[in-house]
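The values are calculated or read from the model by the stated rules, or taken from the named source; none is laboratory data. On a predicted model such as this, the values are computed, not experimentally measured, just so you know. Every residue, glycine as well, gets a Cβ built from its backbone with ideal geometry; the counts of neighbours run over all protein chains shown.
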Amino acid sequence: MDQLAITRAVVAAAVDKAGSARVRTVRLRIGRDADVVPDAVRFCFDSVAAGTPAAGARLVIDESRGVAECETCGADFDVDDLLLGCDCGSLDVHVAGADELVVTGVEVA
């Protein structure tokens, strides 16, 4: 994905949410499989935010590995690696959150 375009969208969403207030902090959750490079977003953030109400804002990124639910026994567990299976031995699991890109919070002044 185009990391600059993604960062522009994040800043636009934060500014839109803040209204006329100055943005102090933007919180972002990026899933491991979201095809987004957190360090690239960090690198682009200050230049994209310049000249907007988000100028000087702090960017906090939570890098999510995702959560899996076992279809056999119903257990929920954090995804630790790409070769995943449940402790019950089942490989029939559903993974959620590993491909997400979500602005989880905007703190304003």
Margin query: Pairs please, first residue from the range 87-98 and at negative phi and touching a residue at least 12 places away in the same chain (Cβ under 8 Å), second anywhere and among the aromatic types (Phe, Trp, Tyr) and surrounded by 13 or more Cβ atoms within 10 Å (Cβ to Cβ), Cβ atoms under 9 Å, 6+ apart in sequence or on different chains.
Written below: 87/77; 93/77
Next item on the list: Considering only residues that are surrounded by 14 or more Cβ atoms within 10 Å (Cβ to Cβ) and either at negative phi or touching a residue at least 40 places away in the same chain (Cβ under 8 Å) (or both), look in the range 61-74 and name the one that is farthest from the chain's Cα centre (by Cα).
Entry: 70
Next item on the list: Taking residue 7 as meeting all but one of (1) at pLDDT below 95; (2) over 11 Å from the mean Cα position of the chain (by Cα); (3) buried (at least 20 other Cβ atoms within 10 Å of the Cβ), write down the number of the exception.
Entry: (1)
Margin query: Given the options 81, 35, name the one that is more than 16 Å from residue 7 (Cβ to Cβ) and in a loop (DSSP other than H, G, I, E, B).
Written below: 81
Margin query: Condition first: under 24 Å from residue 34 (Cβ atoms), in contact with a Cys (Cβ under 6 Å, 6 or more places away or on another chain) and in a loop (DSSP other than H, G, I, E, B). Now tell me which residues in the range 86-106 satisfy that.
Written below: 86
